[in-house]
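Enquirer: Input: one structure, supplied below.
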Amino acid sequence: MPELPEVEVVRRGLARWVSGRTVAEVDVAHPRAVRRHLAGAEDFAARLKGATLGEAHRRGKYLWLPLGSVRRTLAGPAASGTAPRGVAGAPSGNPPECAPAPCDAPHQTPRPIRPRSAGQTLGGEAALLAHLGMSGQLLVQPHDAPAETHLRIRIRFDDELGTELRFVDQRTFGGLSVHESTPQDGVPVPLSHIALDPLDAAFDEAAFHTALRRRRTTVKRALLDQSLISGVGNIYADEALWRTRLHYERPTATLTRPVTAELLTHIREVMGDALAAGGTSFDSLYVNVNGESGYFDRSLDAYGREGEPCARCGTPIRRRPWMNRSSYYCPRCQRPPRASS
DNA sequence: ACGTCGACCTGTGGGC
DNA sequence: TGCCCACAGGTCGACG
């Protein structure tokens with residue numbers, strides 16, 4: 001159940017082990033894994049083949065890597081067979097560089113216009129987009145590693161590193177696809193309605209508060225609404241609400257500016273804590289490009305702790321069915337709003 | 001336009 | 001022992 005911190009760990013893994021490598025072969029083992037690529041699996045593979053994967057970006061729970069191309073994208077007179085290898089991509093035989101920023105540098109929304117490096121193909125910018133859904137993993141594995149039970153997509157590279165990228169997903173809620181990016185901000189088109197996430201330096205706190213006040217909904221629904229704020233899932237929503245002492249059914253229209261600010265602070269803190277726990281071992285090769293490291297030993301105060309004493313007041317934590325899932329809260333610290341049941 | 005809710009998936013675990 | 005169902009939950013499209 002990757003939320004933002006887990007996805008960020010994956011992004012760092014991709015930046016370290018995948019960025020800069022050129023795709024040689026793509027094998028789609030399960031069509032549902034590319035269902036967001038409307039042109040189908042064959043087109044998905046064709047779009048990737050020959051492309052060099054660029055910097056790893058993240059917004060909320062989405063990941064993407066811009067596609068450059070060492071060779072010409074269209075078959076020209078000199079395109080087949082004679083295109084030089086390793087001109088603009090990673091030098092073959094060497095570990096891919098993590099340039100230009102350190103892999104674990106705080107992510108930023110990409111600059112509006114990135115300078116093209118020599119050899120990159122002109123034309124519409126495209127990107128490989130990934131969402132892990134509920135159970136998705138991106139693994140960097142040796143070629144000869146046995147296929148995982150739920151291996152959906154395999155991407156091989158044209159270098160000599162001996163590893164490939166695998167998308168493994170038990171429940172198939174996640175998937176990969178290739179999309180054009182908007183020229184304005186370089187973000188893949190399907191993400192245009194996805195709000196910035198709270199760890200993004202450009203996140204607009206005042207605008208978020210204004211939007212909350214305008215909505216006629218409750219605070220937890222708003223936290224899970226990707227068009228208002230992205231990256232928050234059921235787990236961190238409950239945790240942040242617990243830290244802020246807010247009941248999940250509190251109408252957003254009643255939130256004051258200081259409360260919104262405190263809520264955001266707690267969202268960032270709980271995500272930061274999880275990232276610190278999950279990011280500690282991501283750089284061990286092959287294993288931890290999967291978003292799971294650190295996940296299970298995260299310390300949670302509310303989520304999943306039904307019946308256990310609240311860490312603040314000792315009152316047993318409650319679980320309530322909510323929107324076909326669950327909400328965990330302390331009935332004493334997080335009083336329900338007066339007017340609602 | 002905005003808010004709500006069910007469908008999509010599959011493995012696990014508890015209850016009978 | 002075996003079967004059934006609740007549950008996990010992010011996203012999108014349908015509906016009001």
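The values are calculated or read from the model by the stated rules, or taken from the named source; none is laboratory data. On a predicted model such as this, the values are computed, not experimentally measured, just so you know. Glycine also receives a Cβ, built like all others from the backbone with ideal geometry; neighbour counts cover every protein chain displayed.
Enquirer: Could you tell me which residue of the stretch A:222-237 is nearest to DNA strand C (Cβ to nearest atom), considering only residues that are assigned to a helix (DSSP H, G or I) and in contact with a helix residue (DSSP H, G or I) (Cβ under 8 Å, 6 or more places away or on another chain)?
Expert: A:N234
Enquirer: Could you check the stretch A:149-179 and list, in sequence order, the residues that are assigned to a strand (DSSP E or B) and within 14 Å of DNA strand B (Cβ to nearest atom)?
Expert: A:L151, A:R152, A:V168, A:D169, A:G175
Enquirer: Only one of these conditions is not met by A:V219: (1) within 16 Å of DNA strand C (Cβ to nearest atom); (2) touching a residue at least 60 places away in the same chain (Cβ under 8 Å); (3) more than 26 Å from A:H37 (Cβ to Cβ); (4) among the aliphatic types (A, V, I, L, M). Which number is it?
Expert: (2)
Enquirer: With the condition kept exactly as written, say whether any residue in the stretch A:23-36 is surrounded by fewer than 24 Cβ atoms within 10 Å (Cβ to Cβ), away from DNA strand B (no atom under 16 Å from the Cβ) and of a type in the set (K, R).
Expert: no
Enquirer: While we're on this one: Kindly indicate whether any position in the stretch A:169-183 is within 11 Å of DNA strand C (Cβ to nearest atom) and β-branched (V, I, T).
Expert: Among the residues of the stretch A:169-183, at least one is within 11 Å of DNA strand C (Cβ to nearest atom) and β-branched (V, I, T), which makes the answer yes.
Enquirer: Another question about this same structure. Condition (residue is crowded, with 18+ Cβ neighbours inside 10 Å and within 16 Å of DNA strand B (Cβ to nearest atom)) applied to the stretch A:200-210: is it met by at least one residue?
Expert: yes
Enquirer: Looking at A:L223, is it modelled with pLDDT of 95 or more and under 17 Å from the mean Cα position of the chain (by Cα)?
Expert: Yes; evaluated as a whole, the condition is true for this residue.
Enquirer: Restrict the check to the stretch A:266-275 and report whether at least one residue is within 11 Å of DNA strand C (Cβ to nearest atom) and surrounded by fewer than 22 Cβ atoms within 10 Å (Cβ to Cβ).
Expert: no
Enquirer: Also: Can you tell me which residue among A:A211, A:A207, A:A201 is part of a loop (DSSP other than H, G, I, E, B) and farther than 23 Å from A:E25 by Cα?
Expert: Matching residue, one of A:A211, A:A207, A:A201: A:A201.
Enquirer: Now, a different point. In this structure, is A:L275 modelled with pLDDT of 90 or more and assigned to a helix (DSSP H, G or I)?
Expert: No, not satisfied.
Enquirer: If you check A:S135 against the conditions, is it within 16 Å of the chain's Cα centre (by Cα) and modelled with pLDDT of 95 or more?
Expert: Here the answer is no, as A:S135 does not meet what is asked.
Enquirer: Something else: Here is a check on your reading of the model: is A:L53 at pLDDT 85 or above and touching a strand residue (DSSP E or B) at 6+ places or on another chain (Cβ under 6 Å)?
Expert: Criteria met by A:L53.
Enquirer: Exactly one condition in (1) at pLDDT 85 or above; (2) under 16 Å from A:E3 (Cα atoms); (3) within 21 Å of the chain's Cα centre (by Cα) is not met by A:G304; state its number.
Expert: Condition not satisfied by A:G304: (3).
Enquirer: If you go through the stretch A:318-333 one residue at a time, how many are within 15 Å of A:L300 (Cα to Cα) and away from DNA strand C (no atom under 16 Å from the Cβ)?
Expert: Number satisfying all stated conditions: 1.
Enquirer: Kindly list the number of the only condition in (1) in contact with a Ser or Thr (Cβ under 9 Å, 6 or more places away or on another chain); (2) modelled with pLDDT of 90 or more that fails for A:E125.
Expert: In the conditions (1) in contact with a Ser or Thr (Cβ under 9 Å, 6 or more places away or on another chain); (2) modelled with pLDDT of 90 or more, A:E125 misses (2) alone.
Enquirer: Something else about it: Given the conditions (1) charged (D, E, K, R); (2) over 26 Å from A:Y328 (Cβ atoms); (3) away from DNA strand B (no atom under 15 Å from the Cβ), which single one is not true for A:D197?
Expert: Of the numbered conditions (1) charged (D, E, K, R); (2) over 26 Å from A:Y328 (Cβ atoms); (3) away from DNA strand B (no atom under 15 Å from the Cβ), the odd one out for A:D197 is (2).
Enquirer: Let me ask something additional. May I ask you to list the residues in the stretch A:299-317 that are surrounded by 12 or more Cβ atoms within 10 Å (Cβ to Cβ) and more than 12 Å from DNA strand C (Cβ to nearest atom)?
Expert: A:D301, A:E308, A:P309, A:C310, A:A311, A:R312, A:T315, A:P316, A:I317
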